[in-house]
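Okay, so here's the structure we're looking at.
Bear in mind that the values in this text are calculations on the coordinates, not laboratory data. Remember, predicted model here, so these are calculated numbers, not experimental data. Cβ sites come from the backbone with ideal geometry, for glycine too, and all protein chains shown count toward neighbours.
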Amino acid sequence: MHADTHKAITLAVTSALGIENSRSRRIAEAATTPDISPDYVKEKYRTRSGRERTRWVRVSHHGTPLSLLEEIAVEARHSLLEGKRDKADYMLGRLLHYLQDRPIPSPDVNKHLHDSFERECSKLNPISFMKKVEENCVIPVGKTETLKVLSRRKVASTPEEAMEEALKNSLSIASSILSSIFAPPKFSSLGKEVYDFFKSRSKEMFLYSLLQISLIIPFSIGVMRHDEPMLSLGYAFPRIIQIFVAFLIGIFIYDGICILTVALSSDMNKVLYKARRINDHIAPSSILSIFTATCHIIIPIIVILVSLLIYFRFFKFPTWKAIKEEIDWYIWK
Ligand SMILES: [Zn+2]
């Protein structure tokens, strides 16, 4: 869509949300930026000799990859939670641009149709669509619902329909991203339940964290004896493997500190955020720990054992599963 159309749609949405003027103008201005400073994504291509290579290409605005939309949405929301309002508004504006371009037929498929849709849309007044849009708009609550709205793409069959779709999606997403930073009642009670659960098992968690952190001991022994590595892999590529192993050990120790935080902290936000991080890390880091066998066989044994224990003791209960996706979307109290 044309820059002025993006601005008009965005202003109609921010006005419906009751956002003050200067902030609305900032978001509307940001909604024109993806045409001026575009996002790039990696694309695979084949060279003349038939080799597969990757290159950076300007991202499509008509069918933008969902991963990019999600990334921008999460960045906008996180900026808001961190109190970086300007950045949040900028990211939100950019996201709205993509959502507004999305219902327009792609110029790659039909350039003439695309141009005529954009021309017609620029003649429409978004305000006159708002009443109908507000009646039919679903306001997502939380990250899961928001990402679901992002994933729906509908290519319009008329310019009016494109305008309606653009407004509806912009309103849904802007309303969710700009919603209160504090968890709403439907989530906060679950968050409290999860926090109490971790706190009731804090002694046990404390022991696991010590176990995880204690792997620094066999690692140090391994480093001291690095000219006689335990396994042949370490012997074949001592330097590279050692650097990689040192990096992995760093991750395991950081994981251990995260578990320690969940066990000992009385700050609900810290406990939930770190628990979420452990949950995401536990499977990949235990698989990667196999590499540390080149340093000392005991390390992967400890890591895998601790990971399994933690997973089955702490992350298998239903309330956690219901709430874990929402944790980084809110501040908890
Ligand atoms: Zn565009």
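The length gained by stretching the chain between residue 254 and residue 207 to full extension, at 0.36 nm per residue less their Cα-Cα distance, is 15.4 nm.
In this simple spin-label model, placing a label point 7 Å from the Cα along the Cα-to-Cβ direction at both residue 37 and residue 120 gives a separation of 3.5 nm.
How much net charge surrounds residue 47 when only the other residues with a Cβ under 15 Å from the Cβ of residue 47 are counted, with Lys and Arg +1 and Asp and Glu -1? Charge balance near residue 47 sits at +4.
For region 274-287, 3J(HN,Hα) computed residue by residue from phi via the Karplus equation (6.51, -1.76, 1.60; θ = phi - 60°) reads 5, 4, 4, 5, 4, 3, 6, 8, 4, 6, x, 6, 6, 5 Hz, glycine and proline entered as x.
When the chain is treated as a GNM with alpha-carbon contacts under 10 Å, the residue of 90, 40, 273 showing the greatest mean-square fluctuation is 40. GNM on the chain, alpha-carbon springs under 10 angstrom: the most fluctuating residue among 108, 89, 255 is 108.
Taking 19 Å as the straight-line reach from the Cα of residue 199, the aspartates and glutamates in range (excluding those fewer than 8 positions away in the same chain) are 255, 267. For a modelled paramagnetic label at residue 317, 7 Å from Cα along Cα-to-Cβ, the residues of region 193-217 in reach, with backbone nitrogen under 16 Å, are 193-206.
Please compute the net charge surrounding residue 60, taking Lys and Arg as +1 and Asp and Glu as -1 over other residues with Cβ under 14 Å from its Cβ. Let's see the in-between values first.
On the way: positive: 42, 58, 102, 111, 153; negative: 35, 39, 43, 101, 108.
So the surrounding residues net to 0.
The residues 135, 70, when put in order of fewest to most other Cβ atoms within 10 Å, stand as 135, 70.
Taking amide H as placed 1.01 Å from N in the peptide plane, residue 182 has its amide H under 5 Å from the amide H of 331, each at least 5 places away in sequence or on another chain. Build a GNM of the chain with springs between Cα atoms under 10 Å: which of 31, 283, 263 gets the top mean-square fluctuation? Comparing 31, 283, 263 in the GNM, the peak value goes to 283.
Its alpha carbons give region 80-166 an Rg and a Dmax of 14.8, 44 Å. Applying a DSSP loop filter and a limit of 10 other Cβ atoms within 10 Å to the trypsin sites (Lys or Arg not before Pro) in region 242-316 leaves 316.
Could you state, as a whole-number percent, how many of the C-alpha pairs of the chain are farther apart than 35 Å? Roughly 42 percent, rounded to a whole number. With K and R counted +1 and D and E -1, the other residues having a Cβ less than 12 Å from that of residue 113 yield a net charge of -2.
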